[in-house]
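Chemist: There's a structure below that I have some questions on.
Since every read-out is calculated from the coordinates, none of them should be taken as a lab result. Just so it is clear, the structure is predicted and the values come from calculations on it, not from any experiment. Cβ sites come from the backbone with ideal geometry, for glycine too, and all protein chains shown count toward neighbours.
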Amino acid sequence: MKTIYLTYYAYLREETGISEETVQTLAKTAQELYVELQGRYKLKLPATSLKVSINDNFSSFKASLVSGDHVVYLPPVAGGQGLRNQTRRVIWK
């Protein structure tokens, strides 16, 4: 088991109802940990819409986790990839 420190922002903070937590996990990668969190909190946002930071450095979802890591999943804040498939209309004045 690994001890992982998590911080949540924006949508993820709203969905989990907390801004940070410490979890015990068997997850080997940031991707596996996010899948666990999706199950625990019923998160609808796919990993493809997120960035991940491990120990204050942007990382890959395939990055290995070790006990003591600080992980932050960063959702799109204003628009971002979450709106990728939606039609956008611009009005010029």
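Chemist: Per-residue HN-Hα couplings for region 59-71, Karplus 6.51 cos²θ - 1.76 cosθ + 1.60 at θ = phi - 60°, whole Hz, x for Gly and Pro?
Modeler: For region 59-71, the Karplus-derived couplings read 9, 8, 5, 8, 5, 6, 9, 10, 4, x, 5, 10, 10 Hz, x marking Gly and Pro.
Chemist: I would also like to ask the following. Which net charge results for the neighbourhood of K42, defined as the other residues with beta-carbon distances under 14 angstrom from its beta-carbon, given Lys and Arg at +1 and Asp and Glu at -1?
Modeler: -1
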